[in-house]
Amino acid sequence: MAFKTLDDFDFAGKTALVRVDINVPLKDGRVTDATRIERILPTITHITAAGGKVVLLAHFGRPKGKPDPEMSLSLVRPALEAALGAPVAFAENCIGIPAKKAVSDMQDGDVLLLENTRFHAGEETNDRMLAAGMAALGDIYVNDAFSAAHRAHASTEGLAQLLPSCAGRLMEAELKALDAALGTPERPVAAIVGGAKVSTKLDLLSNLITRVDHLVIGGGMANTFLVAQGLAIGTSLAERDMADTARDILAQANDAGCTIHLPHDIVIAREFAAGAAHETLPADQCPDDAMILDAGPETVARISTLFAECRTLVWNGPLGAFEIAPFDAATNACAQEAARRTRDGALISVAGGGDTVSALNKAGVADDFTYISTAGGAFLEWMEGKTLPGVAALDREHGSNKDKEWNI
């Protein structure tokens, strides 16, 4: 898609409404992980350095369309100021007199944080009057919240219909990384999909088998596919009632020319506990009283060989019960091999999803991947091939922000 970026606008003397995701974790009133705040800094500093004013729009928690002091963005303000190294003003509403006054008090280069957009019920219903109230505050709309782009909300999709719009630096980086992974990738392309249930990733699997050359399935999902092939899996986690669906996916992948890779050997145990007694067996020899908790070393070797043959890797989900040793071995080993090949310039690696990010951090390789998305639901919907409203609204070729219905 064609979208404008910060480089397409002159922000001098202009007020930029910047949609960000600073829905960060709090404990005892303090931010415990400022990663999302740190990732929006390049967009803020670009605009302020150009002489523009930055007005931040964001949601926080799920206040159900009404004010809730425990979900006020004022709680995030200190961490934002610390990361930015500059004062950040605050307005007690994202529209109306408080917001207008706070904006009018700004000087070029200032940063203002508006109150939680979800304090208005119209945010999640994409209410056009709420969007118009926000649009009245600025000159340019910048969306830097890919993680909220799968929602057609007033501050993510509605605003883009009303103001000249562009992607912020984080959104730009995310879209470019995703295009490199599945849009116009260097081939061959491999994808790793792990997790507990096939049923929650049907759309993902159905899309990937038409887009990638190799699909590695791990975790509890792999157990369901082993059942579908008639193998015994003991007491392992699996969706046995999804066996027919798994067989359909295998058949569709074959028709699409996508090779599906399942475990060749397995790590089994009688209990799910750190340091539990375990052994490695061929995938077709799981004892009736044991559970599969990881892929074995032969499977890891085969995946490593696959990495050597591919140019692009997309990763979503661990290969085993990565939370505890020794059942994190396959995920760690494959992550480290992917990271090594990425460092060597031989592989483009893009990963995303909550468990995936945790697993790569645990393996110590998160900084070595080409790109790691923290977008959660938006990343998953993108991998499923779905249109993300907040991204589609930035599409210049279709002139989405010129829709006359939205000209209020």
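The values are calculated or read from the model by the stated rules, or taken from the named source; none is laboratory data. Note that this is a predicted model, so its numbers are computed, not measured. We place every Cβ from the backbone using ideal geometry, glycine too, and count neighbours over all the protein chains shown. Ligands, DNA and RNA are excluded from the accessible area calculation, which covers all protein heavy atoms including side chains. Shrake-Rupley method; radii C 1.70, N 1.55, O 1.52, S 1.80 Å.
Cβ-Cβ distance of ALA251 and ASP289, R₀ of 41 Å, FRET efficiency by 1/(1 + (r/R0)^6): the value works out to about 0.80.
Only Cα pairs under 8 Å and 6+ residues apart enter the sum, and on that basis the relative contact order of the chain stands at 16 percent.
The angle separating the long axis of helix 329-343 from the principal Cα axis of greatest extent in the chain is about 60 degrees. From its DSSP helices (H runs of at least four residues, each -39,500 (n - 2.57)), the chain gives a residue-normalised ellipticity at 222 nm of -9500 deg cm²/dmol. Backbone amide hydrogens, once placed in the peptide plane, bring ALA363 within less than 5 Å of nothing, excluding anything fewer than 5 places away on its chain. For the chain, the longest principal axis of the C-alpha atoms and the axis of helix 219-228 are separated by about 50°. Can you give me the P(r) profile for the stretch 1-107? Cα pairs, bins 5 angstrom wide beginning at 0, each as a whole percent. So the P(r) values, bin by bin, are 2, 11, 21, 23, 20, 14, 7, 2, 0. Relative to the dominant Cα principal axis of the chain, helix 35-49 is inclined by about 40°.
Backbone N atoms of the stretch 333-369 closer than 19 Å to the 7 Å Cα→Cβ label point of LYS27 belong to residues 355, 358-359, 361-362. Looking at the stretch 206-355, the pairs of alpha carbons with a distance over 19 Å make up 53% of the total. Only alpha carbons enter this Debye calculation for the chain, each as an equal point scatterer, and the log10 of I(q)/I(0) it gives at q = 0.07, 0.08, 0.10 Å⁻¹ is -0.38, -0.49, -0.73.
Expressed to the nearest 5 percent, the antiparallel share of DSSP beta bridges inside the chain is 25 percent. Each other residue within a Cβ distance under 12 Å of GLU309 adds +1 if Lys or Arg and -1 if Asp or Glu, for a net charge of +3. Bridgeable aspartates and glutamates around LYS27 (alpha carbons under 19 Å apart, same-chain partners fewer than 8 residues away excluded): GLU38, ASP68, GLU70, GLU81. For the stretch 241-356, the per residue solvent-accessible surface stands at 42 Å², with DNA, RNA and ligands left out and a 1.4 Å probe. If I model the stretch 277-408 as equal point scatterers sitting on the Cα atoms and use the Debye formula, what is log10 I(q)/I(0) at q = 0.10, 0.11, 0.12 Å⁻¹? The calculated log intensity ratios at q = 0.10, 0.11, 0.12 Å⁻¹ are -0.45, -0.52, -0.59. The length gained by stretching the chain between GLU186 and MET129 to full extension, at 0.36 nm per residue less their Cα-Cα distance, is 16.1 nm. For HIS261, the residues 5 or more places off, or on other chains, whose built amide H falls under 5 Å of its own are LEU215, VAL216, ILE217. Using a cutoff of 8 angstrom between alpha carbon atoms and counting only pairs six or more residues apart, the relative contact order for the stretch 1-119 works out to 31 percent.
Around the amide H of GLY51, modelled in the peptide plane, lies no amide H under 5 Å away from a residue 5 or more places distant or on another chain. Phi-derived couplings, Karplus 6.51 cos²θ - 1.76 cosθ + 1.60 at θ = phi - 60°, listed residue by residue for the stretch 96-112: x, 4, x, 5, 4, 5, 4, 5, 5, 7, 6, 10, 4, x, 7, 10, 10 Hz, with x used for Gly and Pro. Given in Å, the Rg to one decimal and the Dmax to the nearest whole number for the Cα atoms of the stretch 2-62 are 13.7, 43.
Protein heavy-atom surface of the chain, 1.4 angstrom probe: 49% of the accessible area is carbon and sulfur, with nucleic acids and ligands not counted. Here the stretch 95-219 is treated as an ellipsoid with the same Cα gyration tensor; its semi-axes, largest first and in whole Å, are 38, 17, 12.
Here the contact order of the stretch 70-133, divided by its residue count and restricted to Cα pairs under 8 Å and six or more residues apart, works out to 33 percent.
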